[in-house]
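The values are calculated or read from the model by the stated rules, or taken from the named source; none is laboratory data. Since the model is a prediction, treat every value here as computed from it, not as a measurement. Backbone-built Cβ (ideal geometry, glycine too); neighbour counts: all protein chains shown. The accessibility values were calculated without ligands, DNA or RNA, using every heavy atom of the protein model including side chains. Shrake-Rupley method; radii C 1.70, N 1.55, O 1.52, S 1.80 Å.
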Amino acid sequence: MNTLWVFGRFELGRLLRSWKFLAVTVGFPVIFYMLFLGDHTPGKLIAGTVPWRVYLMVSMCSFGALVAGLNAGGTRLSGERATGWARQLRVTPLPAWSYVATKVTASMVVVLPVLILVEVVGAAFGGVSLGAATWVELTLLMWVTALPFAILGVFVGFMVHPETAYPVITVLMFVLGYFGGLFTPVSQMPSFLQTAARILPSFHHSSLALALLDGHTLSGLHWLVLAAYAAGLALIIVWRHRVEESRGLA
Amino acid sequence: MSHRPQTPSTLPERAEDHPSPWPPGATRAGATGSRHHGSPRTGAADSKTDDPHGALRFTDVVYRYGRRVALDHLNLSVSRGEMLAVLGPNGAGKSTTMSVLLGLLHPQSGSVEVLGTSPRQAMAEGRVGAMLQQGSGNGLPPGQRVGTVVNMVRRLYRRPASFDVTVERSAIGPLLDRRTNTLSGGEAQRVRFAIAIAGDPELVFLDEATAAMDIESRQTFWRMTGELSQEGRTVVFATHHMDEAEHAGRVVVINRGRVVADGPAGTLKAAVTSRRLRFVADHADPSVLDQLEGVTDVEMRGRGVVLDSLDADATVRDLVRKGVAFCDLEVAGARLEEAFLALTSDDPAPRKAG
């Protein structure tokens, strides 16, 4: 337990001391939020009874979780695998599984304050007012369901060369953001894009939150897709890890 | 991994079924740990009860990557406190041996014991430290403070050395506040050495540790490694530089996944620093040439004479002293790679003792 705590704190410390990481994860969702704020009529209904101003906050929360998850794993992980640091850790008492588990956990830890920050912006400038219980429910729901984003970041770090990791992450941020309906409501997109959105985790992440605020029951389909992404990506990471293990030091 | 007591091996003893390229006495004299398989006398009695304090034991270990056999019934025992060099060309099985020792690979057959338990267990208990071969980077997490990284690794161990002791042993004091990505090759190497010893391990593995070092860093490195060994730790290092093997008390040469030679470092050095003298002499007496100081082998082709010698200077002096009329003398320089190839070739030519 102690080894996990030592390594976990080290990993988290690395994230929180990296101003580049903080600038991107805090800056992107907040600046996008500000840019979109003046765009629409805030009261226009977007999803059921949910008005534009609430849709926007939820979307920016999703986008923030996506950006945080991708960047927490991503480039950093890819880089340290290339330098041989990940290999060095394998010859310490740190259990093999804990490397990936700690990375995902650290990503999840930084997602939470990003969600809260966007919500604060929403309450202060975005005209969003919710009951205390709803705020808590919304935050917890969006946090737990951000797991596929955290795993996706680690996945990119595992699969992509450090030099291409940054562009890949940037593309993923905007593809998942735009086509997942975080910048423009999916209902306002052409029908083929509406269909395409349904295969993206970002769409299901924000849809769950919108459903909560709209008073719907939380559709099992959203959960299913998010869980499938989390499990599928995790399996590929484990597989990749096994292949590398089977090569030993070579 | 279950421990399988070693039965008298059905395999021929390595040192016996290969004509040894080593000067006589190599395998016998090498038995500093009193129990490596090279000696038939101790081979059969080579069981766990003989040495409960063994650091390493490979028994008939086979490892295959698909169809390629990397370790071919490898047998190797190392006592605690030994400093062992594992020498071999690239692809000989050094890396696989290290991977198995570190618990990264599980052999398909045979058994491996590290500090009386399985490699993984020994690693998890924090009794093993390792410095790995340098890959494309410097082996450290980019952008981090050196002191933070070393201390984090140190704290992963159950009974680590104190931070101050770790810093002192690895001479990284001036580097503690530097960022890992600003270190020179030699500095990064010292930091990785600090990481290997931070847990106060009983057993230290160094895999091609000096590959990227300059001469000065190397000297510092071997001094620090020597200190580890003097403190009673077992040190095992893999290298393909023969001149580095002399830092070890014992050298094991691996080729094609087998131990092909095993002996004290001095003997190996003598074997590999052998020089080849060529000259032309009329009517030279082979029996005189054979008795020259340092000579291990004599070859005559008409007037051409080729001598292999462990001490070229002494041989030449003796040539003059014995009045052998020679001309066109050539002494081939330190052909370490060539000698090394001779040691690791499949059918090494028997070398005559001088």
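Residues in segment B:155-168 that are over 11 Å from A:T3 (Cβ atoms), in contact with a helix residue (DSSP H, G or I) (Cβ under 6 Å, 6 or more places away or on another chain) and of a type in the set (K, R): none.
Number of residues in segment A:231-250 that are of a type in the set (A, V, I, L, M), surrounded by fewer than 20 Cβ atoms within 10 Å (Cβ to Cβ) and either within 16 Å of A:S62 (Cα to Cα) or within 14 Å of chain B (Cβ to nearest Cβ) (or both) equals 2. One residue stands out among those in segment A:115-125 that are open to solvent by 10 Å² or more (accessible area, probe 1.4 Å) and touching a residue at least 60 places away in the same chain (Cβ under 8 Å): the one that is farthest from the other protein chains (Cβ to nearest Cβ), which is A:F125.
Hey, among the residues in segment B:128-142 that are open to solvent by less than 40 Å² (accessible area, probe 1.4 Å) and of a type outside the set (A, V, I, L, M), which one's nearest to B:G54 (Cα to Cα)? Restricting to residues being open to solvent by less than 40 Å² (accessible area, probe 1.4 Å) and of a type outside the set (A, V, I, L, M), the top hit is B:G129. If the condition is being exposed (fewer than 13 other Cβ atoms within 10 Å of the Cβ) and part of a helix (DSSP H, G or I), then segment A:30-40 contributes A:I31, A:L35.
Rundown of residues vs (1) more than 30 Å from B:T182 (Cβ to Cβ); (2) among the aliphatic types (A, V, I, L, M), yes/no style:
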position	(1), (2)
A:L77	no, yes
A:Q88	no, no
A:L94	no, yes
A:V100	no, yes
A:V120	yes, yes
A:G127	yes, no
A:L130	yes, yes
A:T134	yes, no
A:P148	yes, no
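The single residue among A:G27, A:G69, A:G13, A:G43 that is open to solvent by less than 60 Å² (accessible area, probe 1.4 Å), away from chain B (no Cβ under 14 Å), more than 19 Å from A:T184 (Cβ to Cβ) and free of Cβ contacts under 8 Å to residues at least 12 places away in the same chain turns out to be A:G27. The helices (runs of 4 or more DSSP H) falling completely within segment B:184-303 that include 1 or more residues that are modelled with pLDDT of 85 or more and either within 29 Å of B:G137 (Cβ to Cβ) or open to solvent by 10 Å² or more (accessible area, probe 1.4 Å) (or both) map to B:185-197, B:215-230, B:286-290. Among the residues of segment A:126-147, those identified as open to solvent by 10 Å² or more (accessible area, probe 1.4 Å) and part of a helix (DSSP H, G or I) are A:A132, A:A133, A:T134, A:W135, A:V136, A:E137, A:T139, A:L140, A:L141, A:W143, A:V144, A:L147. Restricting A:G74, A:G84 to residues that are under 24 Å from A:H161 (Cα atoms) and in contact (Cβ under 8 Å) with a residue 24 or more places away in the chain narrows the list to A:G74. Can you confirm whether segment A:185-192 contains a residue that is closer than 24 Å to A:V26 by Cβ and either among the hydrophobic types (A, V, I, L, M, F, W, C) or open to solvent by 20 Å² or more (accessible area, probe 1.4 Å) (or both)? Checked segment A:185-192: no residue is closer than 24 Å to A:V26 by Cβ and either among the hydrophobic types (A, V, I, L, M, F, W, C) or open to solvent by 20 Å² or more (accessible area, probe 1.4 Å) (or both).
Looking at segment A:191-207, is at least one residue under 30 Å from B:Q108 (Cβ atoms) and without any contact (Cβ under 8 Å) to a residue 24 or more places away in the chain? Within segment A:191-207, none of the residues are under 30 Å from B:Q108 (Cβ atoms) and without any contact (Cβ under 8 Å) to a residue 24 or more places away in the chain. Whether any residue in segment B:143-157 is within 30 Å of B:G88 (Cα to Cα), surrounded by 15 or more Cβ atoms within 10 Å (Cβ to Cβ) and modelled with pLDDT of 90 or more is what I want to check. No, there is no match, as no residue in segment B:143-157 is within 30 Å of B:G88 (Cα to Cα), surrounded by 15 or more Cβ atoms within 10 Å (Cβ to Cβ) and modelled with pLDDT of 90 or more. Of the residues B:G126, B:G110, B:G143, B:G137, the single one that is within 23 Å of the chain's Cα centre (by Cα) and either more than 7 Å from chain A (Cβ to nearest Cβ) or of a type outside the set (F, W, Y) (or both) is B:G110.
Scanning segment A:89-114 for residues that are of a type in the set (S, T, N, Q) and open to solvent by 10 Å² or more (accessible area, probe 1.4 Å) turns up A:T102, A:T105.
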